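Here's the structure, in structure tokens; my notes come after.
The values are calculated or read from the model by the stated rules, or taken from the named source; none is laboratory data. No experiment lies behind these values; they were computed from the predicted model shown. Reconstructed Cβ throughout: ideal geometry from the backbone, glycine too, with neighbour counts over all protein chains shown. Ligands, DNA and RNA are stripped out before the accessible areas are found, and what is left, the full protein with its side chains, is counted by its heavy atoms. Shrake-Rupley method; radii C 1.70, N 1.55, O 1.52, S 1.80 Å.
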Amino acid sequence: MLHKRNPQLNSHGELIHLLSIEGLPRQVVTHILDTAETFLSVQEREVKKVPLLRGKSVFNLFFENSTRTRTTFEIAAKRLSADVFNLDISRSSTAKGESLLDTIANLSAMQADMFVVRHSESGAPHLIAQHVAPHVHVINAGDGRHSHPTQGLLDAYTIRHFKRDFSNLTVAVVGDIVHSRVARSDIHALTILGVPEVRAVGPKTLVPGDLREMGVRVCHDMAEGIRGADVIIMLRLQNERMSGGLLPSAGEFFKNFGLTEDKLALAKPDAIVMHPGPINRGVEIASAVADGKHSVILPQVTFGIAVRMAVMSIIAGNEAT
């Protein structure tokens, strides 16, 4: 029984929550990317709205700060004509000692149809999905070190947009992988979509060894990691999730693993450079690269709105049966 194994899918194999990319069938991931493509044209219209979520209430529950992700979810929901409510949970209910599920129960009583959840605890969106009414949908906007599925999907969309086909690509994911939910979601998405070579590149302290079990090539040398790559995804150094001693210094990291024009010359001539943002210039990436002709960092943001519109519209259209 498909839906027993994956709580994100109903008995027909349709998406009802987006909690993690891990375990999603390739056709579900491709359907999201194809749907996002149709929404890109909406962003070019004078009136940037479609009525797909008219009358629906979307609650952005950000227990952890993220202006960029919250804003793109808000724009996506409003372009689908939903009513959007942004709740600063970190300063309200949890400060009063209210539990996560009590908070959800109270908001559900306000006729919520969809929760977009960011939480510092891995697994929090999964817990919420287990306790909402059948008509309520949950989207994980980042949980702990675990998963950031819409970022993984928008990164996959960006790669498909510029490279068209996944089947002959080499993709290097560079930086602090051990603390990065983006890296995990990217690796799952790329693997599901059939990318033949995914490389995890970074110092030994920041790249988990178990990635090899997922078919990922682990590289602790930057030159080896990006040589011949079609796509380079630079990760933000997760200072807030890092416990001391893993890095000698930001300067040392940039010297060895920061992406400069000299290092980028090792990749394919038409390589694209990506970054989930916000960028630490001069730490993960040189400004000349971030602003250069290989960079697709700003298109990622544009595509992110279309991908989040796609996810919301797809799950809202599916019943939890």
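Here are the numbers for the structure shown:
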{"quantity": "Criterion: out of contact with any Gly (no Cβ under 9 Å at 6 or more places or on another chain), within 17 Å of A183 (Cα to Cα) and surrounded by 15 or more Cβ atoms within 10 Å (Cβ to Cβ) - qualifying residue of I279, I305", "calculated": "I279"}
{"quantity": "Residues located in region 203-228, provided they are of a type outside the set (D, E), farther than 24 Å from L193 by Cβ and outside any helix (DSSP H, G or I)", "calculated": "P203, H220"}
{"quantity": "Residue match in region 73-80 (condition: of a type in the set (D, E, K, R) and buried (at least 23 other Cβ atoms within 10 Å of the Cβ))", "calculated": "yes"}
{"quantity": "Subset of region 152-167 that is over 23 Å from M222 (Cβ atoms) and not small (G, A, S) - its residue that is surrounded by the most Cβ atoms within 10 Å (Cβ to Cβ)", "calculated": "L154"}
{"quantity": "Qualifying positions in region 45-64 - in a loop (DSSP other than H, G, I, E, B), under 16 Å from I139 (Cα atoms) and at pLDDT below 95", "calculated": "F63, E64"}
{"quantity": "Qualifying positions in region 25-49 - touching a helix residue (DSSP H, G or I) at 6+ places or on another chain (Cβ under 6 Å), open to solvent by less than 80 Å² (accessible area, probe 1.4 Å) and without any contact (Cβ under 8 Å) to a residue 60 or more places away in the chain", "calculated": "K48"}
{"quantity": "Residue within region 174-189 that is open to solvent by less than 40 Å² (accessible area, probe 1.4 Å), closer than 16 Å to M274 by Cβ, without any contact (Cβ under 8 Å) to a residue 40 or more places away in the chain and outside any helix (DSSP H, G or I) present", "calculated": "no"}
{"quantity": "Pairs where the first residue, in region 226-253, is loosely packed, with under 12 Cβ neighbours inside 10 Å and the second is part of a helix (DSSP H, G or I) and modelled with pLDDT under 85, C-beta under 7 Å, 6+ apart", "calculated": "none"}
{"quantity": "Breaking point among (1) closer than 21 Å to V29 by Cα; (2) open to solvent by less than 40 Å² (accessible area, probe 1.4 Å), for P196", "calculated": "(2)"}
